[in-house]
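Visitor: Got a structure for you, written out below as structure tokens; questions coming shortly.
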Amino acid sequence: MIDFLETYRLDIRQFHEIVPIPLFPSRLRERGYNQSLLLAEEIGRKYKIRLSRSTLARVRETEHQTLLSEKERWTNICGAFKIKDPAKFSGKNILIIDDLLTTGATASEAAHTLKDAGAKTVGILTLAITE
């Protein structure tokens, strides 16, 4: 991801905070780590951008998106995120980090949640995109 940012000279420093896509607590316990958080930590460290680890929370357990059709993915993720401290994002540019983008449903729902909390701009950076 860092190679991509540097190769294409993307203005990563425009972002005030980095927010990884959160996992629901039971999924985190099952997996043992959050891959989006690991990616976000490296990007935040490299570019000295603050990492928001827990302000965006997944508050509803959802089915695994990989098991669903495109339409079902959008319905499944609706309302799955909440902001613990909305004032934290007011007027800020936020970069969402996710490991995989397929339909964009998860990233879109997270972005809408951040915008509703007052974020000025929300960008999305993913490790991979599937078809």
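Visitor: For LEU101, what residues show an amide H to amide H distance below 5 Å, using hydrogens built from the backbone and excluding near sequence neighbours?
Guide: For LEU101, whose amide H was placed from the backbone, the distant partners under 5 Å are ALA128, ILE129, THR130.
Visitor: Relative contact order of the stretch 1-120: what whole-number percent is it, with Cα pairs under 8 angstrom and at least 6 residues apart?
Guide: Here the relative contact order equals 31 percent.
Visitor: Once phi is turned into ³J(HN,Hα) by the Karplus curve 6.51 cos²θ - 1.76 cosθ + 1.60 with θ = phi - 60°, what whole-Hz value does each residue of the stretch 51-59 show in order, with x for glycine and proline?
Guide: Per-residue couplings from phi come out as 9, 9, 6, 9, 6, 8, 10, 8, 9 Hz.
Visitor: I would also like to ask the following. Please list, ordered by chain and number, the residues whose modelled amide H lies under 5 Å from the amide H of GLY123; skip anything fewer than 5 residues away on the same chain.
Guide: ILE94, LEU95, ILE96
Visitor: Among DSSP beta bridges lying fully in the chain, give the percent that are antiparallel, nearest 5.
Guide: Approximately 20 percent, going by the DSSP bridge assignments.
Visitor: What number of lysine-lysine pairs in the stretch 12-129 show an alpha-carbon separation below 24 angstrom, given a sequence spacing of 8 or more or placement on distinct chains?
Guide: 20
Visitor: Give the range of the longest stretch in the chain that excludes all chymotrypsin sites (Phe, Trp or Tyr not before Pro) found in loop regions by DSSP and having at most 12 other beta-carbon atoms within 10 Å.
Guide: With chymotrypsin sites (Phe, Trp or Tyr not before Pro) excluded where exposed in loops, the chain gives 34-131 as its longest stretch.
Visitor: For the stretch 8-22, in order, what is each residue's ³J(HN,Hα) by Karplus, 6.51 cos²θ - 1.76 cosθ + 1.60 with θ = phi - 60°, in whole Hz (x at glycine and Pro)?
Guide: Per residue, the Karplus-derived 3J(HN,Hα) values read 9, 6, 6, 7, 5, 6, 6, 8, 7, 8, 10, 10, x, 5, x Hz.
Visitor: A further question follows. Taking other Cβ within 10 Å of each residue's Cβ, how do THR106, THR66, THR126 sort, fewest first?
Guide: With the fewest neighbours first, THR106, THR66, THR126 line up as THR66, THR126, THR106.
Visitor: Within the stretch 26-131, list the trypsin sites (Lys or Arg not before Pro) lying in a DSSP loop whose Cβ has at most 16 other Cβ atoms in a 10 Å radius.
Guide: LYS48, ARG53, ARG60, LYS84, LYS120
Visitor: Continuing with this model, one more query. How large is ³J(HN,Hα) for each residue in the stretch 113-120, as worked out from phi by the Karplus curve 6.51 cos²θ - 1.76 cosθ + 1.60 (θ = phi - 60°), to whole Hz, x for Gly and Pro?
Guide: 5, 5, 5, 4, 7, x, 4, 6
Visitor: Placing +1 at every Lys and Arg Cβ and -1 at every Asp and Glu Cβ, with all other atoms neutral, what dipole size does the chain have around its Cα centre, in debye to the nearest 20?
Guide: That gives a dipole near 600 debye.
Visitor: Grab the DSSP H runs of the chain that are 4 residues or longer, score each as -39,500 (n - 2.57), total them, divide by all residues and round the 222 nm result to the nearest 500 deg cm²/dmol.
Guide: Mean residue ellipticity, 222 nm, calculated: -10000 deg cm²/dmol.
Each value in this text was obtained by applying a stated rule to the coordinates, not by laboratory testing. Note that the structure is predicted; figures quoted are calculated from it, not measured. Neighbour counts run over all protein chains shown; Cβ positions are idealised from the backbone, glycine included.
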